[in-house]
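Structure, as structure tokens:
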Amino acid sequence: NSALHLVFDQGMVELAQAVSADTSVALFKFFEHFPLSSLASLLATILVITFFVTSSDSGSLVVDMLTSGAGEGDSPVWQRIFWSVTEGAIAAALLLAGGLVALQTATIASALPFTVVMLLMCWGLLRALRLEIVRKVSLKEAMLAPRIAHNPVPWQKRLARIIKHPNHEEVLTFIEHTVTQAMQQVAAEFEKRELQARVNNDDQDRTWLEVAHGDEIDFFYSVHLRPYEPPSFVMRDVTPRRNEALRYYRAEVYLKEGGQDYDVMGWTIDQLIADIIDQYEKHMHFLDAVRLGKSER
């Protein structure tokens, strides 16, 4: 607004002419019409340098992470320095060869292949959204086989399980023993029916059952250990260390599409098996809906 005021209201057309001649000095020409122009130009230069340095640092960090592999921990310092120096050298060479125009041209040319990648990403997103719609509809229409409850849990035990806030070791022990045993029994039954099933775990405190379905979407049922902050009525007047000690954990179910937001901590093996079978039955109904959709195209 100030620049427009200077040009249109005060008739300083030389400012517009200077900008038209060289846009790189536009900001500094603008500062010349204000007090302390030298200080303002110095601050602007520092800000511009900071912007480019931080942008280059971020770009080098991303390239370094991509080349070193995500999830592999911190990459070597020399590797980060290498990418930073390489990026700066390429930019300097382009500036020396053809100035800002050459740098802009190289940027646009290098970004062109990513257009194809983005188009493929859009196509993949569209397919995923259509598949998600089929999944939602199929789950609503799924008619699960009726189950007769055996040895129902007394309501007192259910209430105690809801109120109790188990610690890390309790939930981890439950996953490593009860959950694993339930999954192994189900996997063994799948194997008897000539379906490839396997039970695995990792160092991220999770155990999962995976049933292969060939070219179709595999069934995946996982139980993760997930931390939660203690309730507000427990957190009153406690120190940060005490607050950390009061953190509790849940054994939550995850499927192929993500977390299901329910806790199975304290369930019996039979209850876990029943839940796995329920989820598998829904998964099979979903696969039937996908096959039907493909046949109607």
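Yes or no, residue by residue, for (1) modelled with pLDDT of 80 or more; (2) part of a helix (DSSP H, G or I); (3) in the same structural domain as Leu209 (by TED's automatic domain parsing); (4) among the acidic types (Asp, Glu):
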| residue | (1), (2), (3), (4) |
| --- | --- |
| Pro227 | yes, no, yes, no |
| Val238 | no, no, yes, no |
| Glu244 | no, yes, yes, yes |
| Asp278 | yes, yes, yes, yes |
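Which condition from (1) at pLDDT below 80; (2) at negative phi is the one that Ser41 breaks?
The single condition Ser41 does not satisfy is (1).
Taking the condition among the charged types (D, E, K, R) and more than 13 Å from Met265 (Cα to Cα), does Arg198 pass? Steps first, please.
Values: among the charged types (D, E, K, R): yes; more than 13 Å from Met265 (Cα to Cα): yes.
So Arg198 passes the test.
So for segment 70-81 (the condition being among the aliphatic types (A, V, I, L, M), in a helix (DSSP H, G or I), modelled with pLDDT of 80 or more and more than 20 Å from the chain's Cα centre (by Cα)), does at least one residue qualify? Don't jump to the end; show me each part of the working.
Filtering segment 70-81 down to residues among the aliphatic types (A, V, I, L, M) leaves 70, 77, 81.
Checking the rest, the ones that are also in a helix (DSSP H, G or I) come to 77, 81.
Next, only the ones that are modelled with pLDDT of 80 or more stay: 81.
Subsequent filtering for residues that are more than 20 Å from the chain's Cα centre (by Cα) retains 81.
Scanning segment 70-81 turns up at least one residue that is among the aliphatic types (A, V, I, L, M), in a helix (DSSP H, G or I), modelled with pLDDT of 80 or more and more than 20 Å from the chain's Cα centre (by Cα).
Looking at segment 96-103, is at least one residue of a type in the set (A, V, I, L, M), surrounded by fewer than 11 Cβ atoms within 10 Å (Cβ to Cβ), modelled with pLDDT under 85 and not in a helix (DSSP H, G or I)?
No, there is no match, as no residue in segment 96-103 is of a type in the set (A, V, I, L, M), surrounded by fewer than 11 Cβ atoms within 10 Å (Cβ to Cβ), modelled with pLDDT under 85 and not in a helix (DSSP H, G or I).
When both residues are 6+ apart or on different chains and their Cβ atoms are under 6 Å apart, which pairs have a first residue that lies in segment 42-69 and is without any contact (Cβ under 8 Å) to a residue 60 or more places away in the chain and closer than 16 Å to Val85 by Cβ, and a second that is in a helix (DSSP H, G or I) and of a type in the set (Ser, Thr, Tyr)?
Pairs found: Ser60/Ser84.
Each row is one residue, and each column tells you yes or no for (1) among the charged types (D, E, K, R); (2) closer than 23 Å to Asp288 by Cβ; (3) under 28 Å from the mean Cα position of the chain (by Cα); (4) modelled with pLDDT under 80.
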site	(1), (2), (3), (4)
Met143	no, yes, no, yes
His168	no, no, yes, no
Leu172	no, no, yes, no
Ala188	no, no, no, no
Leu195	no, yes, no, no
Gln204	no, no, yes, no
Phe219	no, yes, yes, no
Asp261	yes, no, yes, no
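I want to confirm something. Restricting to segment 168-184 and keeping residues that are among the β-branched types (Val, Ile, Thr) and touching a helix residue (DSSP H, G or I) at 6+ places or on another chain (Cβ under 8 Å), which single residue is surrounded by the fewest Cβ atoms within 10 Å (Cβ to Cβ)? Walk me through it before giving the result.
First pass over segment 168-184, keeping only residues among the β-branched types (Val, Ile, Thr): 171, 173, 175, 178-180.
Filter once more, keeping what is touching a helix residue (DSSP H, G or I) at 6+ places or on another chain (Cβ under 8 Å): 178-179.
Values: Thr178: 20, Val179: 28.
Per the stated criteria, the residue is Thr178.
The values are calculated or read from the model by the stated rules, or taken from the named source; none is laboratory data. Values in this document were obtained by computation on a predicted structure and should not be read as measured data. Virtual Cβ from ideal backbone geometry, glycine too; neighbours counted across all protein chains shown.
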